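Notes follow once the structure below has been shown.
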Amino acid sequence: MPGNLRSLAERRQPTRAQLRHAGPQQASLRETRQGSRVRKGRMHEFKYKNNQLYCENVKVEALARRFGIPLYVYSYATLIDHFIKLRDAFSSLRPLICYSVKANSNLAILRSLVRQGAGLDIVSGGELYRALKAGCPADKIVYASVGKTDQEITTAISKGILFFNAESLPELENINRIARKLNKITRVAIRINPDVEAKTHKFITTGKITNKFGIDLDSAYRILLLRAKFTNLDICGLHIHIGSQITESAPFVAAIKKVADFIKKLGTKMITLEYLNIGGGMGIIYDNETPQTARIYAGKIIPLLEKTGLKVIMEPGRFITGNAGILLTKVLYIKKTPKKKFIIVDAGMNDLVRPALYDAYHNILPLRRISGSEKADVVGPICESGDFLAKERKVAKVSEGDYLAVMGAGAYGFSMSSNYNSRPRPAEVMVVKDKVFVIRKRESYADLVRNELTPAIR
Ligand code: LLP
């Protein structure tokens with residue numbers, strides 16, 4: 001299990017020595033913990049100045065007061081910095097970095113990355129719509145998902161995406177059928193299920209043979225030998241994505257080695273390919289994890305990738321947006337029971353579901369630094385006991401009315417939010433140095449019922 005998903009009891013603070021010898025991301029952990037010395041281009045641009053939390057040059061509390069809470073706040077510098085870190089680490093391969101839209105699909109975020117040269121990894125017709133609306137060239141879009149519908153396939157072919165990542169034989173047959181109908185030859189990569197242990201939470205493990213994703217190597221081999229029968233497919237690549245929030249390089253290395261051997265075996269049958277899509281999955285720091293940095297990751301896998309001779313595609317999501325966003329909330333009540341203390345805040349599992357769904361750890365910081373801490377559960381207003389942001393956590397000694405920042409909420413935060421309990425979803429703002437841009441308006445009550453009808457049913 002990765003650090004952020006470990007049981008609370010197992011958590012420990014990093015030692016001074018660990019922090020001293022840490023790489024770039026780890027260095028930033030120290031900076032975040034101590035709230036100072038955040039160096040440009042490090043883990044993120046949320047830091048304390050004069051005991052007040054800032055996002056780049058903007059006081060975060062001013063954002064909470066101006067735009068209301070709950071509120072998602074993103075740092076543009078952090079977002080771009082992570083994209084550049086990855087691009088630079090892999091520069092010798094010049095990969096196409098297809099940011100994984102599902103991590104945070106806000107148009108302004110997509111557009112910012114596309115302007116840096118990113119392509120996009122999508123998993124639905126809705127994400128295709130967003131990708132194109134954000135200005136992503138169709139030939140920089142790759143499309144995975146085990147359940148693509150006919151309509152989604154038709155649109156993606158018509159728009160001319162780079163390729164589909166196909167996840168099963170029936171799907172390949174269906175894409176072939178639709179392409180034939182459209183009188184097109186469409187490109188497809190086969191998603192391989194390499195059957196490796198990603199060492200992450202079971203809900204976000206995707207590369208074991210018991211998972212629903214991808215095609216096992218033997219079946220993929222048979223498909224490739226018979227590729228001529230897919231008259232309207234150009235099977236041009238292989239794809240792997242073994243899971244998410246993976247903090248060690250070993251599972252990636254194991255998966256890439258398996259695929260590299262497979263590519264060699266295909267070569268002996270004169271089957272040549274053009275692309276190898278290595279997916280996403282790089283872990284980030286939420287708590288005290290020590291994930292591989294982009295450079296370390298690159299150092300481990302570039303030699304393997306080079307040997308394949310194929311063009312490389314990557315699909316990072318969390319690595320790019322995870323630490324670029326926070327969720328702001330306010331303490332409504334402090335409730336003491338005979339057994340526990342609850343800090344009741346106005347953000348719930350509908351705003352950020354990761355703690356409820358994966359028991360995920362998100363650091364929680366007061367916007368105004370407070371001395372002293374105490375153990376409490378930080379919980380939302382939703383009518384479920386699973387509605388918590390932190391459990392049995394040592395948090396700052398806050399009072400009612402104080403604002404809190406839930407850190408590391410940039411990936412799978414807003415994109416997994418819902419209207420559960422008829423709660424309008426929060427606004428999203430992007431900070432660029434000292435400027436603030438609203439990139440999604442707060443939903444209104446009218447938005448909640450906009451598509452509902454009340455026919456005269458007797
Ligand atoms: N490529 C494919 C085919 C994927 O399915 C995913 C994520 C990615 C790339 C990007 O993975 P990343 O670099 O972000 O790890 N909701 C969960 C994470 C689910 C990931 C789903 N697939 C969470 O909040 O932890």
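The values are calculated or read from the model by the stated rules, or taken from the named source; none is laboratory data. Because the structure is a prediction, the values reported are computed rather than measured. Cβ placement follows ideal geometry from the backbone for every residue including glycine, while neighbour counts extend to all protein chains displayed.
Annotations
- Looking across the range 236-262, the residues that are more than 16 Å from the ligand (Cβ to nearest atom) and charged (D, E, K, R) come down to Lys257, Lys258, Asp261.
- Within the range 194-251, tally of residues that are of a type in the set (S, T, N, Q), modelled with pLDDT of 95 or more and surrounded by fewer than 16 Cβ atoms within 10 Å (Cβ to Cβ): 2
- Residue match in the range 106-115 (condition: in contact (Cβ under 8 Å) with a residue 12 or more places away in the chain, buried (at least 21 other Cβ atoms within 10 Å of the Cβ) and over 18 Å from the mean Cα position of the chain (by Cα)): no
- Among (1) touching a strand residue (DSSP E or B) at 6+ places or on another chain (Cβ under 7 Å); (2) away from the ligand (no atom under 12 Å from the Cβ); (3) assigned to a loop (DSSP other than H, G, I, E, B), the one test that Ile175 misses: (3)
- Some residue of the range 423-430 being of a type in the set (Asp, Glu), touching a strand residue (DSSP E or B) at 6+ places or on another chain (Cβ under 8 Å), under 23 Å from Ala324 (Cβ atoms) and surrounded by 11 or more Cβ atoms within 10 Å (Cβ to Cβ): yes
- Test result for Arg222, touching a residue at least 12 places away in the same chain (Cβ under 8 Å), basic (Lys, Arg) and either away from the ligand (no atom under 16 Å from the Cβ) or in a loop (DSSP other than H, G, I, E, B) (or both): no
- Counted residues, the range 368-384 - those being surrounded by 22 or more Cβ atoms within 10 Å (Cβ to Cβ) and within 25 Å of the chain's Cα centre (by Cα): 3
- Scanning the range 178-189 for residues that are away from the ligand (no atom under 14 Å from the Cβ) and either part of a helix (DSSP H, G or I) or under 19 Å from Leu273 (Cα atoms) (or both) returns Ile178, Ala179, Arg180, Lys181, Ile185, Thr186, Arg187, Val188.
- Residue check for Ile334: away from the ligand (no atom under 13 Å from the Cβ), farther than 28 Å from Ser244 by Cα and touching a Pro at 6+ places or on another chain (Cβ under 8 Å): no
- Count - residues of the range 305-327 that are of a type in the set (Lys, Arg) and either buried (at least 24 other Cβ atoms within 10 Å of the Cβ) or outside the structural domain of Ile263 (by TED's automatic domain parsing) (or both): 1
- Among residues of the range 201-212 that are touching a residue at least 40 places away in the same chain (Cβ under 8 Å), those with a beta-carbon under 7 Å from a residue that is of a type in the set (S, T, N, Q) and more than 11 Å from the ligand (Cβ to nearest atom) at least six positions away or on a different chain give the pairs Gly207/Asn193.
- Pick from the range 380-419, criterion β-branched (Val, Ile, Thr) and within 30 Å of Lys49 (Cβ to Cβ), ranking: farthest from the ligand (Cβ to nearest atom): Val398
- Residue that is surrounded by fewer than 21 Cβ atoms within 10 Å (Cβ to Cβ) and either free of Cβ contacts under 8 Å to residues at least 40 places away in the same chain or not assigned by TED's automatic domain parsing to the domain that holds Phe46 (or both), where the choices are Lys339, Lys330: Lys339
- The range 344-360 - residue that is more than 12 Å from the ligand (Cβ to nearest atom) and without any contact (Cβ under 8 Å) to a residue 60 or more places away in the chain and, of those, nearest to the chain's Cα centre (by Cα): Val345
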